[in-house]
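The values are calculated or read from the model by the stated rules, or taken from the named source; none is laboratory data. This structure is a prediction, so every number in the text was calculated from the model and none was measured. Because the Cβ atoms are built from the backbone with ideal geometry, glycine has one as well, and the counts that use them run over all protein chains shown. The area values use the complete protein model at the heavy-atom level, side chains included, leaving out ligands, DNA and RNA. Shrake-Rupley method; radii C 1.70, N 1.55, O 1.52, S 1.80 Å.
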Amino acid sequence: MNTIRHWLSIGNYRDTRNLALLNAHQIGAILQLAERVSHPQILTCYLPIEDGKALPTDLLRQGLDFVLEQQQRGQHVIIACGAGISRSAIFATAALKEVEGTSLLEAVQSVKQHHADTLPHMALWASLCTYYGE
């Protein structure tokens, strides 16, 4: 698990199963993109996002709305997918773009700076570029 901002972390499925790790990072919410995970007192939003395929707009918006709502409530959010490389990076990039008003390129560079494993699949990246018109 890597912290991108004081309110946002990126990780993998194993990270979301590790309650001690989540508690150590004060995680209050999980956007899970791989498999359902639930923990008492941690709010979870599960979205079945497939890696390597175009990202449906409604699922992108649903995930972003969850992350942004939790950020506004002062919760620390982890966005996680299977390996913590592609799907989670896409959602973290979009969240930074919306919260900080940056370009997609600046947002993904910031994610990569804090999470070296960041490597969004081109189909997911293209979906984001189309969604934001960049």
Worksheet item: Got a sec? Which helices (runs of 4 or more DSSP H) wholly within the range 23-134 have at least 1 residues that are under 12 Å from the mean Cα position of the chain (by Cα)?
Response: 57-72, 87-100, 104-114
Worksheet item: Does Glu134 satisfy being touching a Leu at 6+ places or on another chain (Cβ under 6 Å), among the charged types (D, E, K, R) and loosely packed, with under 15 Cβ neighbours inside 10 Å?
Response: yes
Practice prompt. Might you let me know whether the range 87-101 holds any residue that is loosely packed, with under 15 Cβ neighbours inside 10 Å and modelled with pLDDT of 95 or more?
Written response: yes
Worksheet item: What number goes with the only condition from (1) in contact (Cβ under 8 Å) with a residue 60 or more places away in the chain; (2) within 15 Å of Trp7 (Cβ to Cβ) that Ala94 does not pass?
Response: (1)
Worksheet item: Does at least one position in the range 18-35 carry a residue that is open to solvent by 10 Å² or more (accessible area, probe 1.4 Å), under 21 Å from Lys97 (Cβ atoms) and in contact (Cβ under 8 Å) with a residue 40 or more places away in the chain?
Response: no
Worksheet, complete the sentence: Restricting the range 106-121 to residues that are of a type in the set (A, V, I, L, M) and at pLDDT 95 or above, the one most open to solvent (accessible area, probe 1.4 Å) turns out to be Val108
